[in-house]
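Heads up, the thing below is written out as structure tokens.
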Amino acid sequence: MLKQLKLQAELKQRNAEMQILQEKRTDFKKRQNELRTALEEAKTDEDIALVQQGIDELENEIAEAGTDEKITSVSAEITRIEGELAEIEARGNNPKPPKKDIEERGGNSMNRYQVRELLKSGAYYERSEVKEFYEKFKNLRAVGGEGLTIPEVVINRIMDIMGDFTTLYPLVDKIRVTGTARILIDTDTAAATWIEQTGTLPTSEVGTITDISFDGYKIGKVTFVDNAMLQDSIINLDDYVTKKIARAIAKGLDLAILKGTGSANKQPDGIIPKLAEDHKVTVTDPTGYVDIVKPIGLIDSGDDSVGEIVAVMKRSTYYNRLLGYSIQPTATGEVVAKLPNLKNPDLLGLRVVFNNNMDTDEILYGEFDKYTLVERESIVIDKSEHVKFSEDQMAFRGKGRFDGKPTKNDAFVLVTLEYTSEA
């Protein structure tokens, strides 16, 4: 009971901290929008210099505050505390169950944040299902059979480190499901209607429901491990295998999120193929930031609240096309724009994310939480000792099932930069 009270107090403290951080981030976004408007309205070099000063000050404040990193950290703490409270409530405040009882439950109650804590303490490698999985993995003999289902605790480790090898996976909305998945989304964004106390709401107020179905298409990759490693420590083998699977799946998912061709080719629906023609904009010979960012107005129309808009592009596009705008001098030779932040690149305050699946000279602006990725709970691994017998290497194949769709196509706009002078 005392532990439960302590956790509840800690949870209340963390929730209050999260509220403060969210308010601070909202204020930063509001000021970014105000600076964007001010830059569009700027007429003289002095006006631009003043706006640039505001941009620099805001950027320094954001860097010093570290709000996004703190939100991620506090969110992980909240999830951990809620998980511990749920476990206590499930036990009915009974004494801690014996170790054998916990092991028999497997990884069913383990989320990704809890797995991180297990790794820090070393308890992850002592879990019975982890040991059993890698012992079975060492003894698998042929590709083409049923394969070996990866336990949930190892799946959560794979999913957690996928963000190390992908740039888009952390941005999109993710759902873990079993079986067929359907999501009901209210696409109506009209304002509420004022009526008499005893009046009846008009039928339009019930919303417009869109039914989105998700399948589970397979993604897999064959890779290799030296046979000597199979006899090595479980720590080394787990680190190698999970990273290999995570890297392979992450790269495939990134490409699918952007350019997936849908059910016809047994893939998720990508954002770009689903864009309407009026959300594909060509900007010819842009002369500055305003030309390049103006198409964002197709997303942020002012009709509804908009979340964080991120600019995704190939790294070379940023270096070749956007760095020059960051250091333009005034008519008197003064530098009024900030130097580019190559560690945390941005475009007029918008976060820039590099992804080499984007075409050269293209920028995809969007609210990436309006793309839903469905993760099926089973990932299977199998292997064969025949593929690289002479090199004394074992081939193993990791396979997962995913589907994804943009749930709001108009939350994205693709901008193509066209330079006629280079033709």
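Bear in mind these aren't lab numbers, they're just calculated from the coordinates by the rules spelled out. Every value quoted in this text rests on a predicted model; they were computed, and no experiment measured them. Reconstructed Cβ throughout: ideal geometry from the backbone, glycine too, with neighbour counts over all protein chains shown.
Please give me the summed charge of the neighbours of residue 67: other residues whose Cβ is under 14 Å from its Cβ, Lys and Arg +1, Asp and Glu -1.
On the way: positive: 24, 25, 29, 30, 31, 70, 351; negative: 17, 23, 27, 59, 61, 64, 68, 69, 308.
Summing Lys/Arg as +1 and Asp/Glu as -1 gives -2.
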Hz values of 3J(HN,Hα) by residue in the stretch 55-71 - Karplus curve (6.51, -1.76, 1.60), Gly and Pro given as x: 4, 4, 4, 5, 4, 5, 4, 5, 5, 5, 6, x, 4, 4, 5, 5, 4
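Mind sorting 27, 346 by how few other Cβ atoms lie within 10 Å of their own Cβ, fewest first?
27, 346
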Dipole of the stretch 1-96, Cα-centred, from +1 at each Lys and Arg C-beta and -1 at each Asp and Glu C-beta, to the nearest 20 debye? 960 debye
Give the long-range amide H neighbours of residue 419: residues separated by 5 or more places, or on another chain, with amide H under 5 Å away, using H modelled in the peptide plane at 1.01 Å from N. 285
Could you work out the Kirkwood radius for the stretch 1-96, taking every pair of different alpha carbons, averaging 1/r and inverting it, reported in Å? 16.3 Å
Could you line up 39, 350 from fewest to most neighbouring Cβ atoms inside 10 Å? 350, 39
For the residues 217, 319, 365, what sequence is obtained by ranking on other C-beta atoms within 10 Å, fewest first? 319, 217, 365
Cross-link pairs beyond the 21 Å C-alpha cut-off, checked among 259/405; 174/280; 138/243; 30/405; 30/259: 174/280; 30/405; 30/259
